[in-house]
1. Just one of (1) closer than 23 Å to residue 32 by Cα; (2) among the small types (Gly, Ala, Ser); (3) not in a loop (DSSP other than H, G, I, E, B) trips up residue 136, so point out which.
2. If only one of 87, 128 is over 23 Å from residue 171 (Cβ atoms) and over 12 Å from the mean Cα position of the chain (by Cα), which one is it?
3. Which one of 194, 151 is more than 17 Å from residue 84 (Cβ to Cβ), of a type in the set (Lys, Arg), at pLDDT 90 or above and not in a helix (DSSP H, G or I)?
4. Of the conditions (1) in a loop (DSSP other than H, G, I, E, B); (2) of a type outside the set (Ser, Thr, Tyr); (3) modelled with pLDDT of 80 or more, residue 119 clears all except one; give me its number.
5. Picking from 19, 46, 42, which residue would you name as being surrounded by 10 or more Cβ atoms within 10 Å (Cβ to Cβ), among the basic types (Lys, Arg), modelled with pLDDT of 90 or more and touching a Ser or Thr at 6+ places or on another chain (Cβ under 9 Å)?
6. Taking helices (runs of 4 or more DSSP H) that fall entirely within the stretch 7-110, which contain at least 3 residues that are of a type outside the set (D, E, K, R) and farther than 28 Å from residue 191 by Cβ?
Amino acid sequence: MPIEPSPGAARAPRADARRNRDRVLEAAAEVVAEQGTQASLRDVARRAEVGLGTLYRHFPTREALLETLLRRRFELLAERADVLAAAGPPERALADWLYEFTLGAGAYQGLPATLMATLSDVESPLHASCLMMRQAGGRLLRAAQETGDIRADVAAVDLFALVNALGWIADQAPGLAERREHLFRLVMDGLRPRG
């Protein structure tokens, strides 16, 4: 006689449910790239060829969908901080990481504003994964401050706001996107000690 699982035991999702979830995420990546972080969830469901109810079963809110979509990107940036810290001088590691962050923040229209909103909203599904990424950047900042290459009065939140602003500028004024590297260098110059 087969053993029945206990009523509280978690079951693995069915294969069709996993496929639907994967299709929703694939479609979401495309739709969010086209429409930004405020993309229509109806368009995501339509592109994934699933019903809106199926989308909401997997992702009950827009933020839950974005968190899943962006979590891996944030995890990779956090891992990248550790790699850069081990590979070179602290200031170079910080600059390289910040530049990669800036490029990533411009990946989706509306992403810079969404990232800034997670700073104070601990209830946001994006908060935890974004916090992990910000903490990784904070470690790089402290290392560069300890060597005297970065001003001591710069806090991790300042750093996050500045580089996120570069993504926002490109988001709001696409004509300035070509000046991203110059603007980035200006930010880095401002982070260095005077004199």
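The values are calculated or read from the model by the stated rules, or taken from the named source; none is laboratory data. A quick note: this is a predicted structure, and the numbers were derived from the prediction, not measured. Cβ: placed from backbone, ideal geometry, glycine included. Neighbour counts: every protein chain shown.
1. Every listed condition holds for residue 136 apart from (1).
2. Working: 128 fails: over 12 Å from the mean Cα position of the chain (by Cα).
So the residue among 87, 128 that is over 23 Å from residue 171 (Cβ atoms) and over 12 Å from the mean Cα position of the chain (by Cα) is 87.
3. On the way: 194 fails: at pLDDT 90 or above.
After applying the criteria, what remains is 151.
4. (3)
5. Details: 19 fails: touching a Ser or Thr at 6+ places or on another chain (Cβ under 9 Å); 42 fails: touching a Ser or Thr at 6+ places or on another chain (Cβ under 9 Å).
Going through 19, 46, 42 in turn, just one is surrounded by 10 or more Cβ atoms within 10 Å (Cβ to Cβ), among the basic types (Lys, Arg), modelled with pLDDT of 90 or more and touching a Ser or Thr at 6+ places or on another chain (Cβ under 9 Å): 46.
6. 15-35, 41-48, 52-58, 62-87
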